[in-house]
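Visitor: I am attaching a structure below and will ask some questions about it afterwards.
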Amino acid sequence: MNTPPLIKAYTLLIALLVLPFISAWGQDTESLKRDKKRLEKDIRIANELLKQTTTDRKASLAQIALLDQKITSRKKLIKTLNRELKTINTHINQLNDSISYYHTRLDHLKESYAKMVVHAYETRSLYQRMIYLFAANDLNQAYRRMQYYKSYGEARKKQAKQIQQATQRLEGVKKEVEQQREEQLNLIHRKETENVALNGEKKEKTNAVSQLQKKERKLRKQIKEKQRAAKRLAKEIEKIIHEEIKKANNGTRASAFKLTPEEALLSDDFAKNKGKLPWPSERGILSSSYGEHAHAVLKHVKVRNNGIDILTEKNALARAIFKGEVTRIIKVPQHNNVVIIRHGEYLSVYSNLNEVFVTEGSEVEALSTIGTAFTHPDSNETLLHLEIWKGSTSLNPQSWLAK
């Protein structure tokens with residue numbers, strides 16, 4: 001028996017709506033899982049660094065920076081969970097549409113099969129079939145009637161098989177809905193847990209800020225010392241850059257590097273890798289961004305950074321962000337050992353190093369180990385400072401490092 005046009009149209013509609021969504025749903029789910037995994041890793045690193053940094057109950061700027069990182073990552077994680085929940089809800093609705101389709105399909109198949117069974121019962125005797133065949137007007141009509149009986153029997157078998165397949169598919173979709181609802185409940189529970197953790201971290205940060213605000217005088221003194229140290233470092237870097245530019249121009253004063261063909265190629269390679277350069281430490285979080293920004297604790301106080309500060313683990317290795325030549329190794333108060341690597345007209349500066357494993361004039365590759373980050377004996381903070389320069393112009397390292 002033929003499938004009614006309404007059922008055919010409904011089948012086509014389900015295929016057009018559901019199949020593309022299933023493909024997109026799979027892609028969205030994988031993307032969300034990757035985001036969730038990355039954010040969970042960020043939170044885990046921040047927790048590990050907090051354990052290393054917080055040696056006592058005294059609050060510190062490093063602790064606030066780590067809590068900020070955790071809060072930011074936690075908020076993003078909750079947003080990701082919301083997106084995942086939304087995706088699952090949409091998928092469940094699509095599956096329910098599939099269930100409605102299979103119910104309609106089954107009802108139609110069973111109705112058709114029942115009619116076939118009744119007809120088969122009414123024409124079950126050989127005598128009735130023989131009368132029907134001999135009543136034909138000619139041999140061709142008799143042959144067609146005989147073929148009709150044969151195809152009718154095959155149609156019944158096919159209809160029974162279709163009922164069985166539709167039933168199996170319906171059960172499969174129902175099972176998938178149950179699995180999705182279970183995952184939905186798990187995500188709701190996970191979201192509630194993350195919200196509790198987020199509120200706890202916000203409270204912990206508020207308490208830490210409150211503690212540090214009571215030490216405003218001490219903090220202001222530390223800020224002035226750090227800003228003076230930053231100016232000393234900037235002055236040293238600018239002095240070295242001018243010396244290197246003069247050297248590259250055969251002793252003539254100039255405003256830019258005179259590049260050899262090899263150095264020009266290296267510069268181009270460095271520029272092409274903007275946004276893709278590796279971080280100078282394998283693990284860590286950004287504790288201070290580039291440029292002028294508000295102090296983490298003190299109101300109406302601005303601080304300036306010519307690079308970025310990365311809080312990392314004790315004995316962390318410092319790595320070159322690109323291939324180049326080590327042009328200078330110097331010592332600067334409060335910045336400890338400083339390594340400057342030239343990449344054509346670009347320079348990368350690594351400061352607050354405890355040990356240095358390279359020498360002036362040596363060639364390094366991307367990710368080459370150049371030293372270890374310094375851990376402050378009082379605060380237990382392990383900090384690595386990175387700057388990027390193009391000639392005598394300071395650049396934002398965050399724009400150059402991989403996200």
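The values are calculated or read from the model by the stated rules, or taken from the named source; none is laboratory data. In this text the structure is predicted, and so the values were computed from the model without any measurement. Note that we place each Cβ from the backbone using ideal geometry, even for glycine, and neighbour counts take in every protein chain shown.
Visitor: Going through region 277-314 one residue at a time, which ones are buried (at least 18 other Cβ atoms within 10 Å of the Cβ) and small (Gly, Ala, Ser)?
Guide: Once the filter is applied, which keeps residues that are buried (at least 18 other Cβ atoms within 10 Å of the Cβ) and small (Gly, Ala, Ser), region 277-314 yields SER281, GLY284, SER287, SER288, ALA296, GLY307.
Visitor: Something else now. Every residue in region 293-318 that is at pLDDT 90 or above and either touching a helix residue (DSSP H, G or I) at 6+ places or on another chain (Cβ under 9 Å) or part of a strand (DSSP E or B) (or both), please.
Guide: Result: ASN305, ASN306, GLY307, ILE308, ASP309, ILE310, LEU311, THR312, GLU313, LYS314, LEU317, ALA318.
Visitor: Sort out which residues of region 350-367 are surrounded by 20 or more Cβ atoms within 10 Å (Cβ to Cβ) and of a type in the set (Ser, Thr, Tyr), and write them in order of number.
Guide: Residues satisfying the conditions are TYR350, SER351.
Visitor: Let me ask you something else. Using the structure shown, decide if ALA234 is at pLDDT below 95, among the aliphatic types (A, V, I, L, M) and either part of a strand (DSSP E or B) or in contact with a helix residue (DSSP H, G or I) (Cβ under 7 Å, 6 or more places away or on another chain) (or both).
Guide: Against the criterion (at pLDDT below 95, among the aliphatic types (A, V, I, L, M) and either part of a strand (DSSP E or B) or in contact with a helix residue (DSSP H, G or I) (Cβ under 7 Å, 6 or more places away or on another chain) (or both)), ALA234 does not qualify.
Visitor: Another question about this same structure. Output the residues belonging to region 65-77 that are crowded, with 17+ Cβ neighbours inside 10 Å and touching a helix residue (DSSP H, G or I) at 6+ places or on another chain (Cβ under 6 Å).
Guide: Those that are crowded, with 17+ Cβ neighbours inside 10 Å and touching a helix residue (DSSP H, G or I) at 6+ places or on another chain (Cβ under 6 Å): LEU66, LEU67, GLN69, LYS70, ILE71, SER73, ARG74, LEU77.
Visitor: ILE321: in contact (Cβ under 8 Å) with a residue 40 or more places away in the chain and part of a strand (DSSP E or B), yes or no?
Guide: When the stated conditions are applied, ILE321 does not pass them.
Visitor: Another question about this same structure. With the requirement that a residue be within 22 Å of SER399 (Cβ to Cβ) and either modelled with pLDDT of 95 or more or exposed (fewer than 12 other Cβ atoms within 10 Å of the Cβ) (or both), what does region 237-263 give you?
Guide: Hits for region 237-263: nothing passes.
Visitor: While we're looking at this one, here's another question. Within region 199-245, how many residues turn out to be touching a Lys or Arg at 6+ places or on another chain (Cβ under 6 Å), within 28 Å of HIS343 (Cα to Cα) and of a type in the set (D, E, K, R)?
Guide: Qualifying residue count for the region: 0.
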